[in-house]
Structures are given as C-alpha cells and as structure tokens.
C-alpha cells in the first residue's frame, strides 16, 4: 500500500523531534535522530499503511534515541549527557553516577524492549496499558518486565 513519507514528515516531524529532544537532551543529536526515524520510514514506506502512524513514529523515535544513547555510552563524547544521567537526574553527583552504573548493568542484561518499557513507563509516565500497546505486549507482560528490572536493580544495589 505505502505511505506518503513527506506528508508524515510535515505532520509528525515536530512530535518526533520533541521526543528526540526529550530523550537525548542535545539539539544536534535530536535533529539527527529525527532524520534517522524518517529514513527508516522511507526505507519501509511500501510495507506501511496510514493507520497508527503517530504511535509507530513515536516508537521508532524512542528506539532510535535508545540506540543513540547506547552508542553514546560506549563512545561518550560528553559523559555528562548520557542516558543514565537523564534517568538519574536527582541527587548528588555520586548518587547519579551510582544510579547510572546500576541501570547500565541491569539494562545490559535485558532485551531492548525492556529498556523501551522502562523509559515509557518510568521516565515518561505512561500507564501500563499505554506502554503495553506501544511495545505490542500484554499489560501483564509489561508488569513482569518491570518487576524483573526492579528486582535486578535491587540485586545490583545490594551487591555494591
């Protein structure tokens, strides 16, 4: 069937850019991420249809940003702006550093979708139902992933 990528860009580009800005906290990286999102859509335009485009674009933007943050963590250009600093934004520098370490170790063991679930539900404040719909899982599956992630964080916290 195919979608009109140019029309999607005009309509949803601002939403995608806001999402990228909120996750990356860096204007240039957010712009790059937005372009990456639409390049991915352009490559798959013939496989897509017009239904649910905003949800799809939001999910793709989140995944692109998570990938950029993972890459930033492996090859940081500015260590003060990595994902875990954004997630652990409160408290003293030592506490933030400790939180970053714990989250990196916990998320490194989990499927990529677990990181997406954590960001959507814990960081963005989405309901379990909204999160489940965004990642194509059941609410109980999302709860199970969150419980497992929290248990791993507690285990790691106890081990340090």
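The values are calculated or read from the model by the stated rules, or taken from the named source; none is laboratory data. What you see is a predicted model, and the numbers here were worked out from it, not measured in a lab. Counting neighbours? That spans all protein chains shown, and the Cβs are built from the backbone with ideal geometry, glycine included.
Couple of notes before you dig in:
- If you go through the stretch 107-121 and pick out every residue that is surrounded by 15 or more Cβ atoms within 10 Å (Cβ to Cβ) and part of a helix (DSSP H, G or I), you end up with 10.
- Among the candidates 66, 102, residue that is within 30 Å of residue 146 (Cα to Cα) and modelled with pLDDT under 85: 102
- Candidates are the residues of the stretch 35-49 that are out of contact with any helix residue (DSSP H, G or I) (no Cβ under 9 Å at 6 or more places or on another chain) and farther than 13 Å from residue 13 by Cα; the one that is surrounded by the most Cβ atoms within 10 Å (Cβ to Cβ) is 44.
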